[in-house]
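A.B. asks: The structure is given below, and queries will be raised subsequently.
The values are calculated or read from the model by the stated rules, or taken from the named source; none is laboratory data. This is a predicted model, so every value here is computed, not measured. Reconstructed Cβ throughout: ideal geometry from the backbone, glycine too, with neighbour counts over all protein chains shown. When the accessible area is computed, the model is the full protein with side chains, heavy atoms only, and any ligands, DNA or RNA have been set aside. Shrake-Rupley method; radii C 1.70, N 1.55, O 1.52, S 1.80 Å.
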Amino acid sequence: MNSELAIDVRGLTKSFSHKRVVNHVSLQVRRGEIFGFLGPNGSGKTTTIRMMCGLLRPDEGTGTCLGFDIRRESDDIKRSVGYMTQKFSYWEDLTIRENLSFVARMYHMADRDRAVADAIADLGLSERADQLVGTLSGGWKQRLALAACLLHEPKLLLLDEPTAGVDPAARRDFWEELHRLASRGISVLVSTHYMDEAERCHKLAYIFNGNLLANGTSEEIIAAQGLTTWIVRGRNLSALSAKLEQTDGVSQTVLFGTSLHVSGTDPSRLEGILRRETAGTECVIEGAETTIEDVFIFLMHTNGIQTETSA
Amino acid sequence: MMPFSRAGFSRLWSMVIKEFLQLKRDRLTFAMIVMIPVMQLILFGYAINSDPKHMPTGLLVSDHSEITRTIIQTLEHSDYFDIKGEFADEESARRALEQGDVQFVVNIPAGFTRSLLRGERPALLIEADATDPTATGLALAAVSQIGEYVMRKDLHGPLSYLNSAAPPFEARVHRMYNPESNTHYNIVPGLMGVILTMMMILMTGLAITRERERGTMENLLAMPVTPLEVLTGKIVPYILIGLLQASIILGASHLLFRVPLFGSLVTLYVVSLVFIAANLMVGITISSLARSQLQAMQMTFFFFLPNILLSGFMFPFRGMPVWAQHIGNLLPLTHFNRMIRGIVLKGSGFSSLWPETWPILLFMAVMMLIAVRFYRRTLD
């Protein structure tokens, strides 16, 4: 066992009613690393995370979480991992203080009152500690959930789409908090489908339809696909986009309001196509860096988009 | 003005279609739509009979003669009484009555025939377990006609001098445990079991499915807490609530309905505790099967209906056909009803309650096995 790894799982596989939801997924997360787990809805992120923390038994595959076997030692994993569920899962008919007290009791914490008081102070919620959790806004609920799963001082955080439905400012604060935690040596595995959040992770994995399609730093993932991207600016971009989509040599087009990202695997051929198509129009083209978002959309297309099913 | 415009009607229709589509997907509701009427029909149509017949009757005969034999035969032919046999002494007759083994004891005193032949109009004593007045009422009414029948059969020829307008003997009915045939005395203690059944099952059923429905179950499962700890933690508050409810019902039945308490309060609470525990197990079982609070409520209702109808609470148990009695005997409420009536009205103690206690314990054990079998430790 490598003590450098907070998570080390290999070949995780899980099926629900004969549908394979996770297919031989292997992941390694180093200690103190923020690991982004990306993929569209229903791609198997939640199922994979649940297998890592012992909430689901994998059909196949093995692995460890903080050195504990995910099949046999799920009780030890539960004690030292903080898991934040995708759906807010604290008790809305209890107050903030009551929720935190409950969690502290569950983990049998020595100085419970103090830990709860500190967590409430850290949250900046001292004045609202006796407010019912159900009356909190989405951003506050998310902060409370993070505080609650940090209460027992876990060494590893498993966060399942923690920023879904949270406004951009709160999301930025949340990510800053995650980096503070990582700097204290806490490992974080965070799933998301926001592409901009991918850039904030040390390492990334991209899962689609249960298959792990990419794994590494964002630079590695971008380089591995060998895509060249051009940006087209001008009018009538949606018509152009539709046309380019059908053209051989263009891998994908992504429309961003006033600009169109066009990617392809053969640089000179792509440039030729673009020059030809935009000649005589008001459109301007310029070479651009391929972003992680372009790569993920490319991965999704090349692996066939299937009907989305909710996780 | 038309209540619905053309567009309005089309919208209404689309609501109707949507409603049916959703009903079709919701299997449990669909099953209820079909099953509830069938169940009610069978139970009301076949199982329930408010004119119970063939009730177990014991004899205490100190005078064997042609005439007393005719009297016993006549009782049997009335279809109301099933003669189970003769008791050795009054003591064992009283115990059988208390335990509910027999509903009636027919006591023919010594010298009955001689006294009858002398025209002294002796008394035939019928002791009835009248805790449930509706069960015994019609049978006791039939007793009054026995004299007439016996007269026609045996008292002819030389004995026809006894064949006067008044019956040759008097059937003296002794309504035990509830001498005034007060239906409150039967219904009110019975209600305790009904209320506890409903509240306990519903509350535990919902308590666990609520966690699942709101998504907090996943959080609980992710914490280092064992299923046993979760289940026990869920049960304990409701045991206390159940005991509180039992006390309220008991107090109210005493104060408002003047129901007496002949047995010991300790026995009553111990028995109630066992019964509450059995119902909580049903609640836990339902909550490990149900996926939502609505399903838990539907399952509770499914379980509750036969309890109300077949436990002897609403209709006399002995009025039901044998198959329905078998079903009734599986339900904890049936046994609790008997025990509570025994304690409250007959003053029964632990020793005579055991025959009703072990079926509840057995039921509880089976429910526990099912609950543990279906409790999901993981989210699989």
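A.B. asks: Roughly how many Å is it from the Cα centre of the stretch B:306-380 to that of the stretch A:165-225, as a whole number?
C.D. replies: If we compute the Cα centre of each part, the gap is 58 Å.
A.B. asks: Which whole-number percent is the relative contact order of chain A (Cα, under 8 Å, 6+ apart)?
C.D. replies: So the answer I get is 20 percent.
A.B. asks: Work out from phi, with θ = phi - 60° and the Karplus expression 6.51 cos²θ - 1.76 cosθ + 1.60, the ³J(HN,Hα) of each residue of the stretch A:282-299, listed in order in whole Hz, and give x for Gly and Pro.
C.D. replies: Each residue of the stretch A:282-299 in turn: 7, 6, 10, 10, 8, x, 9, 7, 6, 8, 4, 5, 4, 5, 5, 5, 4, 4 Hz.
A.B. asks: State the answer as a single residue: which of B:195, B:239, B:228 lies farthest towards the positive end of the charge dipole of the stretch B:172-253, with beta carbon charges of +1 for Lys and Arg and -1 for Asp and Glu, about the Cα centre.
C.D. replies: B:195
A.B. asks: Where in the stretch B:51-132 are there trypsin sites (Lys or Arg not before Pro) that are in a DSSP coil and have at most 15 other Cβ atoms within 10 angstrom of their Cβ?
C.D. replies: In loop regions of the stretch B:51-132 (DSSP not H, G, I, E or B), the sparsely surrounded trypsin sites (Lys or Arg not before Pro) are B:53, B:118.
A.B. asks: While we're on this one: Using a 7 Å offset from the Cα along the Cα-to-Cβ direction at both residue B:184 and residue A:75, what is the distance between the two label points in nm, to one decimal?
C.D. replies: It works out to 5.5 nm between the two label points.
A.B. asks: Sticking with this structure for a sec: Out of the total accessible area of the protein assembly as shown (probe 1.4 Å, heavy atoms of protein only), what percent is carbon and sulfur?
C.D. replies: Answer for the protein assembly as shown: carbon and sulfur cover 57 percent of the accessible area.
A.B. asks: Moving to a separate point now. How far apart, in nm, are the 7 Å Cα→Cβ label points at residue A:301 and residue B:141?
C.D. replies: Result: 8.8 nm between the two label points.
A.B. asks: Same structure again: Springs between alpha-carbon atoms under 10 Å, Gaussian network over chain A: tell me which of A:246, A:86, A:28 tops the mean-square fluctuations.
C.D. replies: Looking only at A:246, A:86, A:28, the largest GNM fluctuation is found for A:246.
A.B. asks: Also, quick follow-up: Connecting C-alpha atoms closer than 10 Å in a GNM of chain A, tell me which of A:88, A:296, A:256 has the biggest fluctuation.
C.D. replies: A:256
A.B. asks: While we're looking at this one, here's another question. Could you calculate the FRET efficiency of residue A:26 with residue A:242 from 1/(1 + (r/R0)^6), where r is the beta carbon distance between them and R0 is 41 Å, rounded to 0.05?
C.D. replies: E(calc), rounded to 0.05, equals 0.60.
A.B. asks: OK, next. Within a Cβ distance under 11 Å of residue B:134, other residues only, what is the Lys/Arg minus Asp/Glu net charge?
C.D. replies: My count for the surroundings of residue B:134 gives -1.
A.B. asks: Could you report the accessible area of residue B:236 in Å², rounded to 10, computed with a 1.4 Å probe on the protein chains as they sit in the structure?
C.D. replies: Using a 1.4 Å probe on the heavy atoms, I get roughly 80 Å².
A.B. asks: How about the stretch B:187-294: which GluC sites (Glu not before Pro) there are in a DSSP loop, with at most 14 other Cβ atoms within 10 Å of their Cβ?
C.D. replies: none
A.B. asks: Can you tell me which of B:41, B:243, B:75 moves the most in a GNM of chain B? Springs connect C-alpha atoms under 10 Å apart.
C.D. replies: Looking only at B:41, B:243, B:75, the largest GNM fluctuation is found for B:41.
A.B. asks: Provide the per residue accessible area, probe 1.4 Å, for chain B, rounded to a whole number of square angstrom.
C.D. replies: 49
A.B. asks: A follow-up question, please. Percent antiparallel among DSSP beta bridges with both residues in the stretch B:55-176, to the nearest 5?
C.D. replies: Within the stretch B:55-176, antiparallel bridges account for around 20 percent of the total.
A.B. asks: On the Cα set of the stretch A:5-216, report Rg and Dmax in Å, please.
C.D. replies: Spelled out, the Cα radius of gyration and Dmax of the stretch A:5-216 are 16.8, 51 Å.
A.B. asks: Dipole magnitude of chain A about its Cα centre, charges +1 at Lys/Arg Cβ and -1 at Asp/Glu Cβ only, in debye to the nearest 20?
C.D. replies: Result for chain A is approximately 580 debye, rounded to the nearest 20.
A.B. asks: May I pose another question? Treating only the Cβ atoms of Lys and Arg (+1) and Asp and Glu (-1) as charged, compute the dipole magnitude of chain B about its Cα centre; round to the nearest 20 debye.
C.D. replies: In debye, rounded to 20, chain B gives about 1580.
A.B. asks: Hey, can you grab everything whose amide H is under 5 Å from the amide H of residue B:124? Only 5+ residues off in sequence or another chain; H modelled, so Pro and N-termini drop out.
C.D. replies: Residues meeting the criterion, in which the H sits 1.01 Å from N, are B:170, B:171, B:172.
A.B. asks: Under the rule of at least 5 residues apart or a separate chain, name every residue whose amide H is placed under 5 Å from the amide H of residue A:71.
C.D. replies: It is A:63, by chain and number.
A.B. asks: Suppose every Lys and Arg Cβ carries +1 and every Asp and Glu Cβ carries -1, with no other charges. What dipole size does the protein assembly as shown come out with about its Cα centre, to the nearest 20 debye?
C.D. replies: Once rounded to the nearest 20, the dipole reads 780 debye.
A.B. asks: Then there's this: DSSP loop (so not H, G, I, E, B), at most 11 other Cβ within 10 Å: list which GluC sites (Glu not before Pro) in the stretch A:199-308 pass both filters.
C.D. replies: Answer in residue order: A:282, A:289, A:308.
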